[in-house]
């Protein structure tokens, strides 16, 4: 675990993928991504679908094979670059929101089923 403070620069007050700021529900604190399952230099964009791996307690990217029974499905709140695969990155995350589906990354039908009633997808 890295205890070095990291500056995160936000370009917008509200992420582009949000339809509006009404009824937003952010996770308490940030989520921790499992960097060992990512590649060095990879950028995880804001609005990327992730879920919690119950064995490691770290968040991973949603894949086509991820079942709809996934634990804690959320969308990342801002972009983060993986600098080192040995250091897990933290990122803000949304549990409930109205979003533009075409601006999201990695959203599958199973992710939509898992977030039904929490995330409203607008086209």
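The values are calculated or read from the model by the stated rules, or taken from the named source; none is laboratory data. Computed from a predicted model, the values in this text were never measured in an experiment. Neighbour counts run over all protein chains shown; Cβ positions are idealised from the backbone, glycine included.
Filter the stretch 1-26 for residues that are assigned to a loop (DSSP other than H, G, I, E, B), modelled with pLDDT of 80 or more and closer than 12 Å to residue 78 by Cβ and give the result.
Hits for the stretch 1-26 are 15, 16, 17.
Touching a helix residue (DSSP H, G or I) at 6+ places or on another chain (Cβ under 9 Å), touching a residue at least 24 places away in the same chain (Cβ under 8 Å) and closer than 13 Å to residue 115 by Cβ: which single residue out of 49, 97 fits that description?
Exactly one residue qualifies, and that residue is 49.
What tally of residues in the stretch 108-123 results from selecting those that are under 14 Å from the mean Cα position of the chain (by Cα), without any contact (Cβ under 8 Å) to a residue 60 or more places away in the chain and surrounded by 20 or more Cβ atoms within 10 Å (Cβ to Cβ)?
2
Of the conditions (1) surrounded by fewer than 18 Cβ atoms within 10 Å (Cβ to Cβ); (2) within 14 Å of the chain's Cα centre (by Cα); (3) in a loop (DSSP other than H, G, I, E, B), residue 60 satisfies every one except a single condition; which number is it?
Condition (3) is where residue 60 drops out.
For residues in the stretch 64-95 being exposed (fewer than 15 other Cβ atoms within 10 Å of the Cβ) and within 14 Å of the chain's Cα centre (by Cα), which is farthest from residue 34 (Cα to Cα)?
Per the stated criteria, the residue is 71.
I need a count of the residues in the stretch 96-118 that are assigned to a helix (DSSP H, G or I) and on the phi > 0 side of the Ramachandran plot.
0
Could you tell me whether residue 32 is farther than 19 Å from residue 117 by Cβ and surrounded by 18 or more Cβ atoms within 10 Å (Cβ to Cβ)?
No: the conditions fail for residue 32.
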